[in-house]
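Here's the structure we're looking at; comments come further down.
The values are calculated or read from the model by the stated rules, or taken from the named source; none is laboratory data. These numbers come from a predicted model, not from an experiment. When we count neighbours, we look across all protein chains shown, and the Cβ atoms used for this are built from the backbone with ideal geometry, even at glycine.
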Amino acid sequence: MVANAGKYRHLPARARPVRPYLYPFFMETIMDLASKHPAHGGAAVMGRRRVLAALGGIGLAALTAYSALGAATARAADAAAVANWPEKPVRLIVPYPAGGASDVVARLMAKELNAVWKQPVVVENRAGANGNIGAAITAKAAPDGYTLLLMDVSSLTNSPALYPDLNYSPTKDLAAITIVEYSPHLLVVRKDFPANNLDEMIAYAKAHPGKLNFGETQGSITHLGGIVLAKQAGIDINFIGYKGGAQIATDLVGGQIDMTLNSYLATHALVEGGKVKMLAVASPGKFPPIPDTPVLKDRFPDFVTGSWQGLLTTGGTPPAIVEKIYKDVAAIVAKPDMQAKFAELGAVPVPGTPADFHKFLVEKTDFWTKVIKENHISVN
């Protein structure tokens, strides 16, 4: 009995591979047909080259049919997998402590996705190393979409240059799904600062080189953004390092520092309370919650900073699953009640496609890598 004799029974007869033990039969058949074909003048003998060509045609037809069937089977399997996904709980990793902007957004999304997927979406806080601990966990998970990551994309774009020993690649080992929402940085100064707008601040800084103190978190986008802003504005300022934005805000209110770029969520309430002065917003255009605030990009082209809360999964996850997650998330953030919740956080939804998000990651990583290397920035 021939091994695997029943392996190809499901295929059409023409698509089944030719067995070695059948070669004599096919040779005899081809020779017989050739001897009777008028194109060969009834010749009883067919040339070796024609025999091989005929056999090649049989093999090619079989291979083509088998490949087509395999592709169709794979597509059907992918469609079935997506239709049934998720079939078990999904974990949503937040690489920061509970209570921050990423954590709040993740829990809002988890609640909505629970209802859509009919499966638990469990938020896990895996903080540390500028978000890289949680990101690395996601990068090394099974590529099946059951491990998601929601984090400030800025951490992903500056980490490759800041951490030479990073054990994963944000653009290769993670699959971009979508940016969920965006909240800009605000350029703010202490309330008694002798300038009330951007032009006056720049003029004052130029008149007092090296005298103004800018609060930042070492290696963060507020730090890198401050460097870019100072260079584009042509001003010389001192950068004062802090462990976090909350301490920066406290010292700005207390007058220990002169200015900073800080998140809308952490800063706008201080502006409304008259504790600090807002000079500009670092958004791509007019920011809806504060439409009358000057935009830094209007003065300094391409100067856009802030917090992009992005959703990612493990690299190598089937594109069909990535696309399903993207579409489900896009439908959620389009809901008026969800947009209202984002507005309370000083954020707006920006659900771009996976391809858009991946392009954004690559471009921003290249941009901030250049800034970091040119200014010899490192973190301990």
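Before moving on, here are some points about what is shown:
- Scanning segment 222-239 for residues that are out of contact with any Leu (no Cβ under 8 Å at 6 or more places or on another chain), over 17 Å from residue 204 (Cβ atoms) and in contact (Cβ under 8 Å) with a residue 40 or more places away in the chain yields 223, 224, 227, 228.
- Selection count where residues are in contact with a helix residue (DSSP H, G or I) (Cβ under 7 Å, 6 or more places away or on another chain) and more than 28 Å from residue 325 (Cα to Cα), scope segment 159-193: 9
- Contact map, segment 86-109: residues that are modelled with pLDDT under 95 and surrounded by fewer than 20 Cβ atoms within 10 Å (Cβ to Cβ) paired with residues that are in a helix (DSSP H, G or I) and of a type in the set (D, E, K, R), Cβ distance under 8 Å, separation 6+ or inter-chain. Pairs shown: 97/103.
- Test result for residue 333, touching a strand residue (DSSP E or B) at 6+ places or on another chain (Cβ under 7 Å), surrounded by fewer than 20 Cβ atoms within 10 Å (Cβ to Cβ) and β-branched (Val, Ile, Thr): no
- Residue 332 meets each of the listed conditions (1) within 15 Å of the chain's Cα centre (by Cα); (2) farther than 18 Å from residue 159 by Cα apart from (1).
- Screening segment 204-220 for residues that are in a loop (DSSP other than H, G, I, E, B) and at pLDDT below 95 and picking the one that is nearest to the chain's Cα centre (by Cα) gives 220.
- Residue match in segment 221-235 (condition: under 23 Å from residue 153 (Cα atoms) and in a loop (DSSP other than H, G, I, E, B)): no
- Residue selected from segment 305-334 under the condition in contact (Cβ under 8 Å) with a residue 60 or more places away in the chain and assigned to a loop (DSSP other than H, G, I, E, B), by the criterion farthest from residue 365 (Cα to Cα): 318
- The number of residues in segment 174-232 that are over 28 Å from residue 378 (Cα atoms) and small (Gly, Ala, Ser) comes to 3.
- Every residue from segment 336-380 that is on the phi > 0 side of the Ramachandran plot and either crowded, with 19+ Cβ neighbours inside 10 Å or of a type in the set (Lys, Arg) (or both): 346
- Test: residue in segment 329-336 that is among the β-branched types (Val, Ile, Thr) and outside the structural domain of residue 171 (by the TED database): no
- Check on residue 279, touching a Leu at 6+ places or on another chain (Cβ under 7 Å) and at pLDDT below 95: no
- The residues of segment 126-149 that are of a type in the set (Ser, Thr, Tyr) and either surrounded by fewer than 18 Cβ atoms within 10 Å (Cβ to Cβ) or outside any loop (DSSP other than H, G, I, E, B) (or both), listed by number, are 138, 147.
- Residue match in segment 258-272 (condition: touching a residue at least 40 places away in the same chain (Cβ under 8 Å) and surrounded by fewer than 16 Cβ atoms within 10 Å (Cβ to Cβ)): no
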